[in-house]
There are 2 protein chains.
Amino acid sequence: MKYIVITFYPTNKRVAVPFGSDILTASVKANIFLASSCGGKGMCGRCKVKILSGEFDSEPTGKLSESEKKSNIFLACRTFAKSNLEVEILPETLLPSRIAPSIFEKGIEIQTPDLLKNLFPIHPLTKKYFLRLPKPSIGDSISDIERIYRALKKYSIDVPLNVNISTLRKIPQILRESNWEITVTLDEDNNAILLVEQGDTSKTNYGIAVDVGTTTIVVSLINLNNGETIGTESAFNSQGVYGDDVITRIIYAEKQQGLETLHHLVISTINELIQNIAKNHSITLNNITGIVSAGNMTMTHLLLKIDPSFLRRDPYIPSSNNFPTMFAAEIGIKISPSGILLPIGGPASYVGGDITAGVLATGMYNEENPYMLIDIGTNGEVVLGDKNWLLCVSASAGPAFEGTGVKNGTRAIEGAIQSFKIEDGQVKISTIGNKPPMGICGSGYIEIISELFKHKFIDRAGKFAGDNEKIRNGDDGKEFIVYRGNGKTKDILITQVDIENLLRAKAAIFSSIFMLIEKSGISWENIEKIYIAGGFGTFINIKAAMSIGLLPNIPEEKFIFVGDTALLGAKSFLISKMARKISYDIIKNMTYIDLSTEKSYMEEYLGALFLPHTNLEKLSLKIK
Amino acid sequence: MKYIVITFYPTNKRVAVPFGSDILTASVKANIFLASSCGGKGMCGRCKVKILSGEFDSEPTGKLSESEKKSNIFLACRTFAKSNLEVEILPETLLPSRIAPSIFEKGIEIQTPDLLKNLFPIHPLTKKYFLRLPKPSIGDSISDIERIYRALKKYSIDVPLNVNISTLRKIPQILRESNWEITVTLDEDNNAILLVEQGDTSKTNYGIAVDVGTTTIVVSLINLNNGETIGTESAFNSQGVYGDDVITRIIYAEKQQGLETLHHLVISTINELIQNIAKNHSITLNNITGIVSAGNMTMTHLLLKIDPSFLRRDPYIPSSNNFPTMFAAEIGIKISPSGILLPIGGPASYVGGDITAGVLATGMYNEENPYMLIDIGTNGEVVLGDKNWLLCVSASAGPAFEGTGVKNGTRAIEGAIQSFKIEDGQVKISTIGNKPPMGICGSGYIEIISELFKHKFIDRAGKFAGDNEKIRNGDDGKEFIVYRGNGKTKDILITQVDIENLLRAKAAIFSSIFMLIEKSGISWENIEKIYIAGGFGTFINIKAAMSIGLLPNIPEEKFIFVGDTALLGAKSFLISKMARKISYDIIKNMTYIDLSTEKSYMEEYLGALFLPHTNLEKLSLKIK
């Protein structure tokens, strides 16, 4: 096979790729992650690069403006190298590879300790025991393993335990070199000895909880001895280069080497976050003995390198609802070589471990009266129920509310426009941390649509209406100037296409909520509380969300923001045996309603595409 | 490092070894196994080779005759290559690498089926289930794994099961390619799915029982569906090149790469036997899903590549009494890649899985009255007890009765002299299968010593006495001509050194038996039966054994030959869950008596070195 070299500027990264490779694939190989919503199919037009020199073929596309074409800008996914190439990466096309812990995550930190500590007694996934063993003698000549068991029995541990042959091989020497003072790390759920170390290392036992989101990955480092969170970091899931949503990822996984590539990307992102957070807190990876992941089924399949293709094919079957405990090293996660990974499972192909974790973290599985959990990420999932029953649905909301797939979208980080008002014809915005505006986050978009609708800039179908100096024609059609750049900052816009994306997302979410209410046979007023979870939930303006028909018109105090419940639940699962037991029950007992087989769903969805809805009664208490 | 090449004739095998390597190590690398009792220390003088050309250093030795020295014969272990060498292997120094199934093993085959079938219900270590799964549909959309569990529940199998990630990865595709007709192989003791295959393979499920002896390895191939033995083969343990007994092996294991070498040798021998037997019966290795090994603790440690050095050091501690289930592939055994190995454990460093298997196979753990089991292999172990108590000891008998470490010794194979009489001054011998004599097996030696003593060729100390044409002076001192060669056959001798070795072995065994009786507080007449197990036991002349003081003088009908109970027990363990459960109880409940800490043992041993004993009362019923 003929190989050629592609050099990416401004970083000067060079990679060798087979003749004819596309530039998007080459860029991933160079660890450069371009935004690409469609997974490299030439449809989203986001992976723009500038070609400086070399020979290449490029397919025609309607996604580039004339001025871009003149500047030698091409879509990376549709451009194929025929000689050594020099390629310039445009900063605005880069998927942010790392973002600082956001206010959003800091928000969780305030809630976490109470919830976890009150609910679940601490009994972590991996537990260390320091043992001072009596030296063997002719009168006490039991085997090395029996000696360890005898000491563990004092902690009410059921022996014998499973011990793998490579651990067993090390034990005789470790016992004697340590003068019979050792620390044993156990996986008590599986009755297994994971590691035997010299001396007392029991004070340093750490675990990782990871929310493997389609768009964002959040990692927390936890002290397994007391359940306290030491730190949290997040990054975009670099799989994002191969598509925004789970379906696009699954399709990419079906390509040759596709599954391996996506698996590798998510593992790399997680490893980078773990390494960073461990380094920041001066904790060695060898002292991290357990990791729990919560993700939707597609993310969990990709994490484990299990073929996800049957998840998207009728009748939508996951490989498993629960996943086995495995060595983290088996899937390439770098913690202690004896450390284990336990992914949280879920009830259905489109309701995964992130939702199990959410139900666990909120405690709704244990309530007398019905609660609702709405988790709005790239997929929207909704759960309704109490201690006797749990129903769930999933809605393909798309990532618009997470700030992806919209022109100036961003996550809820400093500088994100989170509030928007039109007063006396004047736009008033505020940003997170009062920093210079750099994009719009989900809560911002809700207020913008609410205000644009209220002030008749857009009609019930979301179309820009009338003439206004703030509405202009851009590359993607009409656009509204949310913030006018001052030279140092750029213009921040909401386009007609953005609004359509946002309305589709809100329609998917609301119609799913509505279907769940219908199916359960209860009415809005029976619901005790509605928990809003997920990437954008923490700061949304409930009134605005009601006014656009994203949420039903029920008393505002019934809504509770609960933050990243996938992460919160993963932590509980990591540190509490009781939480793990409850999770298995949640998975078993939660009933999934497949909206694709519900004839009335499409009708509900179409009605919900309008502002606020074609049938106002459906939003309100009056419906039942 | 400088490498040089050694060529071995007549096979023309060439190996490259570091400059200065000894020839014994080089020969093992060339898969040539020379007899060597001492483990390469220059003490046994058995590893003779002829050097044809090249430069070398050789240490002086008293183990070579003048005629050998003139013929360029050297001890391989004490000769170090300084240039490329040409070395001739002398056929008589070769350790037999493979011997045909002996009458001895055929003998077991007669006993096996009854014992196994009556005692234990069949529930094999690995069991296959053929499942016809209903195709998933929207109305029946449980996960792939749940679908398998649902079908397995009909067989009363406790779900969920453990399934490792690499198996889980294969399941979605296998289910769909097989049109939902699959065979699942389970390790039910560990609640694990080992393998999922397309179609119905449940009819072909095989297992291996292996007796890993210090001298001999015996392998049986078992049909796991009905417990029947398909075939049995045996070979010398090629570790024999590094010493005859367990202590020599342990010392060798402590050298650099020693453990790896011994591990590799035993695994190679087992693999060769499995391959051969599978081929002979047209069974593919992929259909062999489980293997059970029974060996003494040293053999089991070496099999698993666990450092055995603490077994021989005060206070004699094994790494474990019970060993974990592992993939056979983890230690290099070639059966199905998903096949598992479970070694049988034992109560102490010198009473291992072979004895646990023996107690299991004989059923003595379940008797009302005391039974004794004497297993005479390279180590002699003796167990005494009934359903309420079990005592055991080990005796370092050495391999003389297995035909090793004696000049013309052989195992009980065709042509072995098994019977010897002196009538009217004339020697009368008979061989197994009435084939031309080629050596002396254990039972032959017992009769020879008995007759030589009876007819005063040797005195009570075993020394050749008087002058007789049949006694001559040989290289190793005086020797008795058991059989005079006829040109085609060679002379077969018993030497003074042989007799000393045999008397040491018999003294070790008898004094161990006696100590056990003393410790238990019972007397000879309380013993219901004495089971004689092990490599040479099947054909011994009880009267002769009594006359030389190897066995006590109790009624002959109390002795029962039970053959290779290690193999028999391994089979039971392999095919019956109940047998596995019982074995764990045997290991837990059997009390080991360490003779090295018993002050009176040395006295007993010294008395038993004489023919038949210094104190005749100890041999007889009168003692208590």
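Do we find a residue being within 14 Å of chain A (Cβ to nearest Cβ), part of a helix (DSSP H, G or I) and among the β-branched types (Val, Ile, Thr) anywhere in the range B:170-189?
Scanning the range B:170-189, I find at least one residue that is within 14 Å of chain A (Cβ to nearest Cβ), part of a helix (DSSP H, G or I) and among the β-branched types (Val, Ile, Thr), so the answer is yes.
Per-residue answers, yes or no, for (1) more than 14 Å from chain B (Cβ to nearest Cβ); (2) open to solvent by 10 Å² or more (accessible area, probe 1.4 Å); (3) polar (S, T, N, Q); (4) within 19 Å of B:Ile145 (Cβ to Cβ):
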site: A:Ile335; (1), (2), (3), (4): yes, yes, no, no
site: A:Gly352; (1), (2), (3), (4): no, no, no, yes
site: A:Asn366; (1), (2), (3), (4): yes, yes, yes, no
site: A:Pro370; (1), (2), (3), (4): yes, yes, no, no
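Going through the range B:295-313 one residue at a time, which ones are more than 7 Å from chain A (Cβ to nearest Cβ) and either modelled with pLDDT under 95 or not in a helix (DSSP H, G or I) (or both)?
Passing the criteria: B:Gly295, B:Asn296, B:Pro308, B:Arg312, B:Arg313.
Of all residues being modelled with pLDDT of 90 or more and among the β-branched types (Val, Ile, Thr) in the range B:1-20, which is farthest from B:Ser83 (Cα to Cα)? Just the residue, please.
B:Thr7
Quick one: is B:Phe539 touching a residue at least 12 places away in the same chain (Cβ under 8 Å), under 16 Å from B:Leu503 (Cα atoms) and open to solvent by 60 Å² or more (accessible area, probe 1.4 Å)? Talk me through it step by step, then tell me what you get.
Details: touching a residue at least 12 places away in the same chain (Cβ under 8 Å): yes; under 16 Å from B:Leu503 (Cα atoms): no; open to solvent by 60 Å² or more (accessible area, probe 1.4 Å): yes.
When the stated conditions are applied, B:Phe539 does not pass them.
Could you tell me which residue of the range B:280-294 is nearest to the other protein chains (Cβ to nearest Cβ), considering only residues that are touching a strand residue (DSSP E or B) at 6+ places or on another chain (Cβ under 7 Å) and open to solvent by 10 Å² or more (accessible area, probe 1.4 Å)?
B:Asn287
Among the residues of the range B:215-230, are any open to solvent by 30 Å² or more (accessible area, probe 1.4 Å) and either closer than 28 Å to B:Ala35 by Cα or in contact with a His (Cβ under 7 Å, 6 or more places away or on another chain) (or both)?
yes
Identify, from the list B:Pro324, B:Pro347, B:Pro315, B:Pro308, the residue that is closer than 30 Å to A:Ser137 by Cβ and either basic (Lys, Arg) or open to solvent by less than 10 Å² (accessible area, probe 1.4 Å) (or both).
B:Pro308
Restricting attention to the range A:391-411, and to residues there that are within 29 Å of A:Gly521 (Cβ to Cβ) and surrounded by fewer than 24 Cβ atoms within 10 Å (Cβ to Cβ), which single residue is farthest from the chain's Cα centre (by Cα)?
Looking at residues that are within 29 Å of A:Gly521 (Cβ to Cβ) and surrounded by fewer than 24 Cβ atoms within 10 Å (Cβ to Cβ), I get A:Leu391.
Which of the numbered conditions does A:Phe56 fail, given that it passes all the others? Conditions: (1) at pLDDT below 85; (2) among the hydrophobic types (A, V, I, L, M, F, W, C); (3) over 23 Å from A:Leu265 (Cα atoms).
Condition (1) is where A:Phe56 drops out.
Going by the conditions given, is A:Leu195 part of a strand (DSSP E or B), open to solvent by 20 Å² or more (accessible area, probe 1.4 Å) and either within 14 Å of chain B (Cβ to nearest Cβ) or modelled with pLDDT of 95 or more (or both)?
Judged against the criteria, A:Leu195 is a match.
Condition (residue is within 11 Å of another protein chain (Cβ to nearest Cβ), touching a residue at least 40 places away in the same chain (Cβ under 8 Å) and part of a strand (DSSP E or B)) applied to the range A:138-150: is it met by at least one residue?
no
Output the residues belonging to the range A:139-165 that are among the aliphatic types (A, V, I, L, M) and within 16 Å of A:Thr183 (Cβ to Cβ).
Matches in the range A:139-165: A:Ile145, A:Ile148, A:Ala151, A:Leu152, A:Ile157, A:Leu161, A:Val163.
State which residue pairs qualify: first residue on the phi > 0 side of the Ramachandran plot and inside the range A:431-459, second residue assigned to a loop (DSSP other than H, G, I, E, B) and open to solvent by 50 Å² or more (accessible area, probe 1.4 Å) in any location, beta carbons under 8 Å apart, and separation of 6 or more residues or different chains.
These pairs meet every condition: A:Gly433/A:Glu414; A:Lys456/A:Gly466.
Could you check how many residues of the range A:151-166 are facing chain B (nearest Cβ under 9 Å) and part of a helix (DSSP H, G or I)?
2
Among the residues of the range B:543-553, which ones are in contact with a Phe, Trp or Tyr (Cβ under 8 Å, 6 or more places away or on another chain) and either open to solvent by 10 Å² or more (accessible area, probe 1.4 Å) or over 17 Å from B:His613 (Cβ atoms) (or both)?
Hit for the range B:543-553 is B:Ser547, nothing else.
Restricting to the range B:110-137, and then to whatever is hydrophobic (A, V, I, L, M, F, W, C) and in contact with a Gly (Cβ under 7 Å, 6 or more places away or on another chain), can you tell me which residue is modelled with the lowest pLDDT?
Checking each candidate, the answer is B:Leu116.
Only residues that are more than 8 Å from chain B (Cβ to nearest Cβ), surrounded by fewer than 16 Cβ atoms within 10 Å (Cβ to Cβ) and more than 39 Å from the chain's Cα centre (by Cα): list them for the range A:122-137, please.
Correct list: A:Arg132, A:Pro134, A:Lys135.
How many of the residues in the range A:314-330 are more than 7 Å from every other protein chain (Cβ to nearest Cβ) and touching a residue at least 60 places away in the same chain (Cβ under 8 Å)?
1
Mind counting the residues in the range B:1-47 that are within 11 Å of B:Thr79 (Cβ to Cβ) and in a strand (DSSP E or B)?
Residues flagged as within 11 Å of B:Thr79 (Cβ to Cβ) and in a strand (DSSP E or B) within the range B:1-47 amount to 2.
The values are calculated or read from the model by the stated rules, or taken from the named source; none is laboratory data. Everything numeric in this text was worked out from a predicted model, so none of it was measured. Glycine gets a Cβ as well: all are built from the backbone with ideal geometry, and neighbour counts include every protein chain shown. Remember, those area values only see protein heavy atoms, side chains included, never the ligands or the DNA or RNA. Shrake-Rupley method; radii C 1.70, N 1.55, O 1.52, S 1.80 Å.
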